[in-house]
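Some notes on the structure that comes next.
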Amino acid sequence: MLKVKAMNSHKRSYSRTASLLILAVLLLLPIRALAQDEPELRLRMSRDMGYSSGTGRIEGTFSLKASGPDDLLKVVFLIDGQTMGEDGEAPFSLRFNTGSYALGVHTLSATGTTRDGRVLNSQEIRVEFVPAEEGLKTAGRIAIPILGITFGIMLLGYVLPMIIGRGKKSSLPLGVPRRYGIMGGAICPKCGRPFSMTLLGLNLVAGRLERCPHCGKFSLVRRASPQMLRQAELDELQMATAQPAVSELSEQEHLRKELENSRYDEL
Ligand SMILES: [Zn+2]
């Protein structure tokens, strides 16, 4: 460190190189330490089919795999010190089902033999064999709330507008040109007015269940073409002129004029 400090005061580039070197050494030290601790025979376990809690609670079919030096001849797989099976060929592996053993905590390990007769012991893997119901229960704990939330949101999408918006209708005046959004527009078979389809609409075979914002009624609709929607908007105008609400008359007239003007603007 003294040397580094001395260099520091003389040349900045040297000090940078030195600190990089120190950093490299510090980073490599734990890796070397780990490499020394690593057993000559390495045991791994993977799930083939079944349940694994991620904390060692398992149920189902699993595989043990052992890897070691190139001259490894044979590997014996053990559960609580008792032989589960052996493999005389690389890759050294053993498939097992937790159902073949008692429930509870077990220690899995492996012993390898090399060509020159050396015996290598793997590290131990501690697991707990749990009943099949635990896996199902855990899956249920995850899946059921998700399903519940999904249905809840769908239900809210229908029920809320019905409760809150009962009798409440869109105040959009007749004949007003509108944008229909990404879902496109549909024409209400009940009141004949065009409206934007919503993301909440429910797709059914015969069409899409949507609530018309104008009359508030639910009906099965299909996405209408822009021409049809435009025609429906014009039909609204017809409705407006045919039977205008007294209070809306002046507003309707005003909007109609605006519409006429905008139509010419577009051309
Ligand atoms: Zn309607």
How much length is gained if the chain between MET45 and ARG222 is pulled fully straight, taking 0.36 nm per residue apart and subtracting their Cα-Cα distance, in nm to one decimal? 58.3 nm
So for VAL221, VAL75, VAL119, fewest C-beta neighbours within 10 Å to most, what's the order? VAL119, VAL221, VAL75
Quick one: what are the phi-derived ³J(HN,Hα) couplings along segment 204-210, Karplus 6.51/-1.76/1.60 with θ = phi - 60°, whole Hz, x for glycine and proline? 10, 4, 6, x, 10, 7, 9
Can you tell me how segment 47-132 classifies by the Cα gyration tensor, rounded, prolate or oblate, using a/c under 1.5 as the rounded cut? prolate
Scalar couplings 3J(HN,Hα) for segment 137-142 by Karplus 6.51 cos²θ - 1.76 cosθ + 1.60 (θ = phi - 60°), nearest whole Hz, x for Gly and Pro, are 4, 5, 4, x, 4, 8
For GLN82 and MET154 in the same chain, what is the full-extension length gain: residue separation times 0.36 nm, less their Cα-Cα distance, in nm? 20.5 nm
In nanometres, the difference between 0.36 nm per residue of separation and the alpha-carbon distance of ILE144 and LEU200 is 18.0 nm
Pop a pseudo-label 7 angstrom from the Cα along the beta-carbon direction at both GLN231 and LYS74 and give the gap in nm to one decimal. 8.6 nm
Taking R0 as 25 Å, what FRET efficiency do you get between LEU172 and LEU209 from their Cβ-Cβ distance, rounded to the nearest 0.05? 0.75
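Taken together, the values in this text are just the output of simple stated rules run on the coordinates, not laboratory data. Just so it is clear, the model here is predicted, and its values are computed rather than measured. With ideal geometry, Cβ positions are generated from the backbone for all residues, glycine too; neighbour counts draw on all protein chains shown.
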